[in-house]
Amino acid sequence: AAQNGTLTGLRWPRFPYYRDELTSLYTASGWRPVWSNNGQPIAAARQAIDVLRGAQDRGLHPEDYDAAMLDQQFRKLSSGAPLSASDIGRFDVALSVGLMRHVSDVHIGRVNPKNLSVGINIEPKKLDLAREVSDAIARGRIAEMVRNAEPRFAQYRNLKAAYARYRALSADTTLPTVMAPRTLKVGEQFDGVAALRRRLVAFGDLPASVSSSPTGATYDAVTAGGVARFQDRNRLAPDSALSATTVAAINVSPARRARQLELALERIRWLPALDNGPFVVANVPSFQLYAFDTVGGTGA
């Protein structure tokens with residue numbers, strides 16, 4: 001399987017881009033399993049599977065790396081159930097493929113930007129996956145290897161935090177929809193103010209304590225301040241006016257926002273590796289320029 005680049009039973013059975021890396025990995029091990037010893041999985045195998053099961057923490061999908069299947073096979077191996085050398089070998093290669101795919105996806109993205117006619121060259125960023133995986137197994141530091149492969153940009157960390165928030169919100173079936181019959185301004189009567197506050201609290205534009213405060217049926221100044229913060233974050237004029245455009249933006253489903261954040265994480269992975277010095281980012285669509293002191297720091 002390692003040499004021909006195909007292993008049936010995987011979600012993506014063909015892996016031509018990882019064939020050479022797998023060959024290097026298993027050549028170095030004398031073509032012996034790297035994830036088990038005498039038929040028993042080693043601790044690093046458990047670590048690797050847990051990393052793959054948590055792929056969504058990084059805006060990726062566990063099923064793309066066969067995490068559930070690998071977890072099941074790990075449990076069979078750990079139980080002492082009799083398995084053939086072929087079964088052990090398939091588990092080993094499948095785990096190597098899944099982990100190499102994941103590390104690569106975390107570091108340079110799932111999709112090559114050139115295939116989307118985006119003028120970014122990811123070739124210089126590619127890792128020596130055989131060496132990375134072999135070293136991580138030897139040191140028992142699989143999760144650390146994956147963390148080190150992630151982009152170092154502060155924006156990436158912020159997007160991951162927002163992604164986790166919106167994933168959680170997408171599972172909240174009690175989040176209300178805001179209904180406004182017309183454009184509202186501060187001080188006007190508004191029966192839907194409680195629903196609006198609840199949504200703004202969920203998005204982080206109002207503190208949690210506000211949702212339990214008595215409001216009556218008035219579009220008050222506190223709520224309007226939350227709307228202004230939401231507008232500013234979403235590139236709307238921060239005038240606090242509850243217009244149809246603002247209400248539509250507030251009502252965008254958390255699941256859709258999570259998907260947008262997932263795609264934003266992917267685009268950051270395409271960026272070239274930068275030194276720790278200052279750098280400038282031009283946001284062409286919004287006509288904005290950002291200057292940063294360091295890759296991992298905040299900008300202005």
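The values are calculated or read from the model by the stated rules, or taken from the named source; none is laboratory data. Quick caveat: nothing in here was measured; it's all calculated off a predicted structure. Positions of Cβ are backbone-derived with ideal geometry, glycine not excepted, and every protein chain shown enters the neighbour counts. Heavy atoms of the whole protein, side chains included, go into the accessibility calculation; ligands, DNA and RNA do not. Shrake-Rupley method; radii C 1.70, N 1.55, O 1.52, S 1.80 Å.
Descriptive notes on the structure:
- Note on residue 160: aspartates and glutamates with a C-alpha under 13 Å away, same-chain residues under 8 apart excluded, are 57, 150, 262, 266.
- About the Cα centre, charge dipole magnitude for the chain (Lys/Arg +1, Asp/Glu -1 at Cβ), debye: 240 debye
- Average accessible surface for the chain: 53 Å² per residue, computed with a 1.4 Å probe over protein heavy atoms with every protein chain in place.
- Rounded to two decimals, the Cα-based Rg/Rh of the stretch 1-77, with Kirkwood Rh, is 0.97.
- Segment residue 274-residue 172, length gained on full extension (0.36 nm per residue, minus Cα span): 32.9 nm
- The chain, relative contact order in percent, only Cα pairs under 8 angstrom and at least six apart counted: 16 percent
- Considering helices alone, the calculated mean residue ellipticity of the chain at 222 nm is -15000 deg cm²/dmol, with DSSP H runs of length four and up weighted by -39500 (n - 2.57) and normalised per residue.
- Ligands, DNA and RNA left out, the 1.4 Å accessible surface of the chain is 53% carbon and sulfur atoms.
- Degrees between helix 43-53 axis and first principal axis of the chain (Cα, 0 to 90, nearest 10): 40 degrees
- Cross-link partners of residue 76 among aspartates and glutamates (Cα-Cα below 17 Å; sequence separation of 8 or more within a chain): 50, 66, 87, 92
- 10 Å-binned pair-distance histogram of the chain (Cα, whole percent): 6, 22, 25, 19, 15, 9, 3, 0
- Residue 293 accessible area, 1.4 Å probe, all protein chains in place, Å² to nearest 10: 120 Å²
- Qualifying aspartates and glutamates (Cα of each under 15 Å from Cα of residue 185; at least 8 residues distant if same chain): 220, 239
- The angle between the Cα long axis of helix 221-233 and the longest principal axis of the Cα atoms of the chain comes to about 40 degrees, rounded to the nearest 10.
- Distance between the modelled labels on residue 284 and residue 115, one decimal in nanometres: 2.3 nm (7 Å Cα→Cβ projection).
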